[in-house]
Structure formats: structure tokens, C-alpha cells
Amino acid sequence: MFFLIGVPVDKKDNKSIRNKKPWPTKDAMQQVYEKKLWGSGTADFYSGEGSHKPEIVKPYIDTLIAFLTSFENPISVCDLGCGDFNVGKELVRYTKNYIAVDIVPELMERNREKYIVTNLEFQCLDIAKDTLPKTDCAILRQVLQHISNDEVKQVAAKLVNYKYVIVTEHLPNKDFTPNVDIISGQGTRLKKQSGINLLLAPFNLKVVEQRELLKVVDEHGIIVTVLYKMY
């Protein structure tokens, strides 16, 4: 006999719970914002502490600005999973053009109305299923940690089209088993003592170079930002 929130259920029922068909990712992410599952903040849309906590956000912005300004001529950037754009808005001015992508239509419409810059464009796309914009660099900041392995694999297959890919992921602060599968949505692999490593199975991303740009420790683990050169 097993128990779930104080209610006894048998093994058959427990199995059916585990095998429950997940929501489509778009629906899951819409619910995150509608029900403010990442916190309320003071805005209509809020992408959580990872997009607003100064001790997390400022080092990241400084690191990305240093990277973007290291080029003689500004490069183009695609922000895959831009969220409420509290972070991305600080990077636009350092790019040739900046395409911000997210899956939630209402969020993207709000971003279009709030952030109007000549070299900035918002596109509502499912980064796993849809064709992604072609730019010099792709940014994925704490995005892959929220989606299933199947979707991560679909995204990883498209990253070879970029010259540079900058990935930020929240990882456990001790030894862990990488790439444990989850259902796409609010949560991350931290609850399963896991985190994303694109270079390992089942993703096996092939890169020319990799370089750790930033590591920020918080109460939940380590937020690591890595630069991959793809070709």
C-alpha cells in the first residue's frame, strides 16, 4: 500500500499517476504565469527569482555584456526563452539585432508593447518544435531545466546552426546524475538531484570549444553559465 498526501492508494493507482500524460508545454507555461507559480513580483508577468534577484541577475548581465562587447562588430543574438525580459532588456543595446523568443502568446504580446527598440524583435515560438531564428549567438538562460529530455534533444539538434551558444542552468551543488528526465513545466531537475549537461547522453551535443563564463551559488545549488563555440 502506498500513501499520497495522506490518502492511501494502491500500486495500480500510483502507476497511473506516474504515467499521467503531461500537459502540452505551452499550456503548462501559460499556467505558470497565470497562477504566478514562480512568484508574483510586482508585474503582470514574473519569470521568477532567476530573472530578478540582483545577486543572480547582475553578474549574468555583466558577463554577457563583456562577451558581446568583445567583438569588433556587434553580433546578432537569439534569446530562446526570454521570459518577462527583465534580463534581456539590458543586453539589446550591445547587439546588432536581438530576437527574443518565448512560448506564451500573452507574455510576448506584453513584451512587444513594453519594450520597443529598433533592433529588437519578439517572436512567439515553441523552441522544441518550431524553426528558430538564425543569428550569430543563441542564449538559453535557465530554460532547458524546465523541459523534458525529448524537448531538450529537439532544441539541442538546432543549436548547431549557431556559431555561439550560451547556456545557463541551475545545477545541484554536489555530485549529481545528469539529465534525469522530467515533465515540462514549473519545476526543474534539482528536485531529482539532477541537472542538464548538453554534452552527455541523451543529448550528446558536439562543440568545438566550451568555456565556463560564470558560476553563482545560491541556496538551491549552483547557477552555471557556459559558452559553447559550435563551428
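3J(HN,Hα) along segment 142-147: 6, 10, 4, 5, 9, 10 Hz, from the Karplus curve 6.51 cos²θ - 1.76 cosθ + 1.60 with θ = phi - 60°, whole Hz, x for Gly and Pro.
Taking other C-beta atoms within 10 Å as the exposure proxy, C78, C137 rank C137, C78 from fewest upward. Stretching V180 away from T118 to a fully extended chain increases their span by 18.2 nm, per 0.36 nm per residue minus the current alpha-carbon distance. The amide H of L171, built 1.01 Å from its N in the peptide plane, has I222, I223, V224 as neighbours under 5 Å, considering only residues 5 or more places off or on other chains. Footprinting exposure proxy ranking of W38, W23, fewest other C-beta atoms within 10 angstrom first, gives W23, W38. Going by neighbour counts of Cβ atoms within 10 Å, the residues F203, F45 line up, fewest first, as F203, F45. Among K174, K206, K96, the largest mean-square fluctuation in a Gaussian network model of the chain (Cα springs under 10 Å) belongs to K174. Remark: segment 119-132, residue by residue, has Karplus-estimated 3J(HN,Hα) of 9, 10, 9, 10, 10, 8, 9, 8, 5, 7, 9, 8, 5, 9 Hz, where x stands for each Gly or Pro and the curve is 6.51 cos²θ - 1.76 cosθ + 1.60 at θ = phi - 60°.
Label positions at K206 and D130, each projected 7 Å from the Cα along the C-beta direction, are separated by 2.9 nm.
Bear in mind these aren't lab numbers, they're just calculated from the coordinates by the rules spelled out. Treat the numbers as computed from the prediction; the structure is a model and nothing was measured. Backbone-built Cβ (ideal geometry, glycine too); neighbour counts: all protein chains shown.
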